[in-house]
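Participant: Following this message is one structure expressed as structure tokens.
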Amino acid sequence: MENQEKKPDSPESKSKKSAAYYLLAEMGIEFALILALPLLAFIFLGKWLDAKTNKHFFVIIGILLGLTISWYMIYRKINDLKNMLK
């Protein structure tokens, strides 16, 4: 094997890597918020409705509705990203 020295990354290469890391971090935070916000909103709405009506199934409905809306929003976001990368 040849003794190959590792070339230092150019400033342009470092900035591209840095931009890619920031983009991935931004997407991760966005997906986390897309999942958490509707879920929390519908759970609290379900708890409020449970307290008002003395029935205990609105929280479960809120969880299911929040997960469904979150899933749909993530699905749309992934399709938008796929179309953008084409």
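Participant: Working only within the stretch 64-86, note down all residues that are closer than 11 Å to residue 39 by Cβ and out of contact with any helix residue (DSSP H, G or I) (no Cβ under 8 Å at 6 or more places or on another chain).
Facilitator: 64, 68, 71
Participant: Further, regarding this structure: Mind checking which residues of the stretch 7-48 are acidic (Asp, Glu), over 30 Å from residue 64 (Cβ atoms) and in a helix (DSSP H, G or I)?
Facilitator: Within the stretch 7-48, just 12 meets the criteria.
Participant: Another question, if that's okay. Return the total of residues in the stretch 1-36 being among the small types (Gly, Ala, Ser) and either modelled with pLDDT under 90 or in contact with a His (Cβ under 7 Å, 6 or more places away or on another chain) (or both).
Facilitator: Total satisfying the criteria: 6.
Participant: Quick one: residue 40 ticks every box in (1) surrounded by fewer than 17 Cβ atoms within 10 Å (Cβ to Cβ); (2) of a type outside the set (Gly, Ala, Ser); (3) without any contact (Cβ under 8 Å) to a residue 12 or more places away in the chain except a single one, so which number is it?
Facilitator: Unmet for residue 40, out of (1) surrounded by fewer than 17 Cβ atoms within 10 Å (Cβ to Cβ); (2) of a type outside the set (Gly, Ala, Ser); (3) without any contact (Cβ under 8 Å) to a residue 12 or more places away in the chain: (3).
The values are calculated or read from the model by the stated rules, or taken from the named source; none is laboratory data. Since the structure is predicted, the reported quantities are computational estimates derived from the model, not experimental observations. Cβ: placed from backbone, ideal geometry, glycine included. Neighbour counts: every protein chain shown.
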